[in-house]
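K.L.:
I'd like to ask some things about the structure below.
The values are calculated or read from the model by the stated rules, or taken from the named source; none is laboratory data. Here the structure is a predicted model, which means the values were calculated and not measured. Every residue, glycine as well, gets a Cβ built from its backbone with ideal geometry; the counts of neighbours run over all protein chains shown.
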Amino acid sequence: MAAAYMLFAQGLLPFLPAAKRADFEPDVKSRRRMLPFVVVGGATGLYVLWALAAYPTQAYIQENSIAYLNQGTNHRRWPFFMCSQHAALCCFQR
């Protein structure tokens, strides 16, 4: 169950909002303006999906919350991917 949650929340969520937003844009110019966000979201999602497939995922209760731990997504480069995920999701806020 933890892997399914992380697959959706961390793997698909960076890509889907930007892609759907690009679909709803009325003209080609607006769709092209959304393309960098779709690419960043797709790249972030692919990296996280790779990390989820390559490393084991642990889920445990910590201070009345569920904590998810994966070695592929908990390292020094992760702040870059968090920022790229944030950029892909913030394209919704126009």
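K.L.:
Given the criteria over 17 Å from His86 (Cα atoms) and surrounded by fewer than 12 Cβ atoms within 10 Å (Cβ to Cβ), does Gln58 qualify?
P.N.:
Yes: the conditions hold for Gln58.
K.L.:
Residues of region 7-47 being surrounded by fewer than 16 Cβ atoms within 10 Å (Cβ to Cβ) and of a type in the set (Val, Ile, Thr), which ones?
P.N.:
Val28, Val39
K.L.:
Can you tell me which of (1) farther than 28 Å from Leu35 by Cα; (2) at pLDDT below 75 is the one Cys90 doesn't meet?
P.N.:
Here Cys90 clears every test but (1).
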